[in-house]
1. Before we move on, is residue 338 closer than 20 Å to residue 187 by Cα, open to solvent by less than 40 Å² (accessible area, probe 1.4 Å) and not in a loop (DSSP other than H, G, I, E, B)?
2. May I ask you to list the residues in the stretch 25-52 that are open to solvent by 20 Å² or more (accessible area, probe 1.4 Å), farther than 21 Å from residue 113 by Cα and touching a residue at least 60 places away in the same chain (Cβ under 8 Å)?
3. Is it true that some residue in the stretch 70-81 is outside any helix (DSSP H, G or I) and at pLDDT 95 or above?
4. Being in contact with a helix residue (DSSP H, G or I) (Cβ under 9 Å, 6 or more places away or on another chain), within 16 Å of the ligand (Cβ to nearest atom), at pLDDT 95 or above and within 21 Å of residue 321 (Cβ to Cβ) narrows it down to one residue among 259, 219; which is it?
5. Does the stretch 7-24 include one or more residues that are farther than 29 Å from residue 157 by Cβ, open to solvent by less than 10 Å² (accessible area, probe 1.4 Å) and either modelled with pLDDT under 95 or of a type outside the set (Lys, Arg) (or both)?
6. Being within 22 Å of residue 385 (Cβ to Cβ) and in contact with a Cys (Cβ under 8 Å, 6 or more places away or on another chain) narrows it down to one of 220, 226, so name that one.
7. Among the residues of the stretch 248-280, which ones are in a helix (DSSP H, G or I) and either over 18 Å from residue 230 (Cβ atoms) or of a type in the set (A, V, I, L, M, F, W, C) (or both)?
8. Please go through the stretch 138-168 and give me each residue that is under 30 Å from residue 233 (Cα atoms) and open to solvent by less than 30 Å² (accessible area, probe 1.4 Å), ordered by number.
Amino acid sequence: MADQKKPVVVLGVSGGIAAYKACEIVSRLKKAGTEVHVIMTENAVKLAAPLTFQTLSGNPVVVDTFAPPVAFEVEHIALAQKADVFVIAPATANILAKMAHGIADDMLSTTVLATKAPVLVAPAMNTAMWEHPATQANVKLLKDRGVHMIGPAGGLLACGDSGIGRMSEPEEITEEILHLLNSDDSMRGLRVLVTAGPTREAIDPVRFITNRSSGKMGYAIAETAAARGAEVTLVSGPVSIPAPAHCRVISVETTEDLYQAMMRECRNQDIIIQSAAPADYRPMERAEQKIKKEKGQPLHLTLVENEDIAAAVGQNKRKGQILVGFAAETENLLDNASGKLHRKNLDMIVANDVTRPGAGFDVDTNIVTLITENHQESFPMMTKKEVSEIILNKAMELYQAGR
Ligand code: PMT
């Protein structure tokens with residue numbers, strides 16, 4: 001953080017009627033022991049007095065990009081760098097659009113473009129403006145880029161309409177800011193590639209071979225890595241759980257698709273965690289038409305081996321890269337897992353006996369043993385979220401040691 005003693009929040013106030021409510025955010029943040037700097041747009045100044053923000057924050061309020069600098073050399077850069085969290089509340093449709101498209105034409109839009117701090121926006125606008133496809137597309141773009149968003153809430157709006165568009169309450173926004181200030185940033189700057197879910201190998205246009213993987217384990221890992229600030233790519237087979245926040249998701253269907261995606265993506269990654277359950281075999285032929293049942297006759301399928309993706313990634317391993325695999329076993333857990341650790345050139349393998357209640361496929365918990373070259377540690381039943389924490393802690397330890 002920029003200041004060891006006090007975390008710094010830069011609060012942008014754009015021209016929504018809720019601008020006056022932002023005063024309460026400043027006051028709450030000050031009480032919570034943070035240093036606050038306020039940037040207002042020209043429109044915000046017409047709705048709330050800069051002097052109020054200045055008095056509450058104890059710092060000059062910045063509005064004009066070209067006003068003589070009060071305390072900093074190049075003000076927008078200085079504030080952008082000083083921020084531990086950058087908040088815009090209220091955030092109008094206009095500032096969201098500018099952020100989404102990299103437009104920097106005033107102090108607020110310029111500073112937020114220059115910051116590397118986590119950004120939180122609290123949108124506030126008329127319901128029709130919020131629901132407009134242009135605003136929704138901008139919101140999606142911003143969320144995909146990792147911008148945090150709170151609200152808008154529903155209720156009676158300043159324009160007299162009732163619907164979605166009210167700025168979230170200052171208390172909630174302050175809580176979210178404090179949460180971001182305290183959040184774990186330990187993987188910021190790292191690129192993490194995670195695989196999750198099953199694959200499907202087509203027999204004919206309506207049938208396929210698959211397994212019981214739900215994707216829960218891999219999605220928990222991706223979500224935790226993203227929450228720690230990593231840039232996460234998640235390559236996922238077909239699952240029915242929601243995509244984790246702040247991850248780039250690549251959807252695949254077959255083991256061959258997964259292989260192609262991994263060969264494309266693996267090179268630039270720092271940590272690769274393969275928790276997917278790719279099918280080891282696929283039908284040698286995929287029937288063009290639905291296979292007809294022939295009464296009393298067995299159906300013979302010839303299966304051919306799929307690529308071992310983890311082994312291929314292991315062969316292409318770059319110096320400093322950490323490769324983590326999983327071993328889903330039903331017998332000889334530790335021996336089989338150790339064999340895979342070596343054969344696939346992994347740095348760690350997460351062994352799970354998928355026959356144990358509360359472990360493996362399609363449950364919310366897992367029971368794992370982490371195995372590395374020189375170490376082995378078994379854990380009791382934990383939620384998949386908790387398992388993701390211990391896997392990432394160990395992966396980070398290995399990553400730091402290998403640098
Ligand atoms: O998705 P969930 O319902 O949450 O279930 C979680 C899980 C049981 C799928 C997960 O915990 C797990 O064990 N994942 C690995 C499943 C698996 O394919 O295990 P394996 O022992 O067959 O494979 C060993 C390793 O090689 C794995 O990292 C696997 O991703 C990889 N592999 C396997 C086959 C293949 N053709 N290519 C691979 O890269």
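The values are calculated or read from the model by the stated rules, or taken from the named source; none is laboratory data. Predicted, not measured: the structure shown is a model, and the values here were computed from it. So basically every Cβ, Gly included, is an ideal-geometry build from the backbone, and we count neighbours across all protein chains shown. With ligands, DNA and RNA removed, areas are computed over all heavy atoms of the protein, side chains included. Shrake-Rupley method; radii C 1.70, N 1.55, O 1.52, S 1.80 Å.
1. Considered against the rule, which asks whether it is closer than 20 Å to residue 187 by Cα, open to solvent by less than 40 Å² (accessible area, probe 1.4 Å) and not in a loop (DSSP other than H, G, I, E, B), residue 338 comes out as no.
2. Of everything in the stretch 25-52, those that are open to solvent by 20 Å² or more (accessible area, probe 1.4 Å), farther than 21 Å from residue 113 by Cα and touching a residue at least 60 places away in the same chain (Cβ under 8 Å) turn out to be 28, 32.
3. Here is the first cut: in the stretch 70-81, the residues outside any helix (DSSP H, G or I) are 70-74.
Subsequent filtering for residues that are at pLDDT 95 or above retains none.
No, the stretch 70-81 contains no residue that is outside any helix (DSSP H, G or I) and at pLDDT 95 or above.
4. Working: 219 fails: within 21 Å of residue 321 (Cβ to Cβ).
Step by step, each of 259, 219 is checked, and only 259 is in contact with a helix residue (DSSP H, G or I) (Cβ under 9 Å, 6 or more places away or on another chain), within 16 Å of the ligand (Cβ to nearest atom), at pLDDT 95 or above and within 21 Å of residue 321 (Cβ to Cβ).
5. Quick first cut of the stretch 7-24, residues farther than 29 Å from residue 157 by Cβ only: 7-8.
Checking the rest, the ones that are also open to solvent by less than 10 Å² (accessible area, probe 1.4 Å) come to 8.
Filter once more, so that each one left must be either modelled with pLDDT under 95 or of a type outside the set (Lys, Arg) (or both): 8.
There is at least one residue in the stretch 7-24 that is farther than 29 Å from residue 157 by Cβ, open to solvent by less than 10 Å² (accessible area, probe 1.4 Å) and either modelled with pLDDT under 95 or of a type outside the set (Lys, Arg) (or both).
6. Values: 220 fails: in contact with a Cys (Cβ under 8 Å, 6 or more places away or on another chain).
It is 226.
7. The first filter runs over the stretch 248-280 and keeps only residues in a helix (DSSP H, G or I), leaving 255-268.
255, 256, 257, 258, 259, 260, 261, 262, 263, 264, 266 - these are the residues of the stretch 248-280 that are in a helix (DSSP H, G or I) and either over 18 Å from residue 230 (Cβ atoms) or of a type in the set (A, V, I, L, M, F, W, C) (or both).
8. Initial filter on the stretch 138-168 (under 30 Å from residue 233 (Cα atoms)): 138-152.
Across the stretch 138-168, the qualifying residues are 138, 139, 142, 146, 147, 150, 152.
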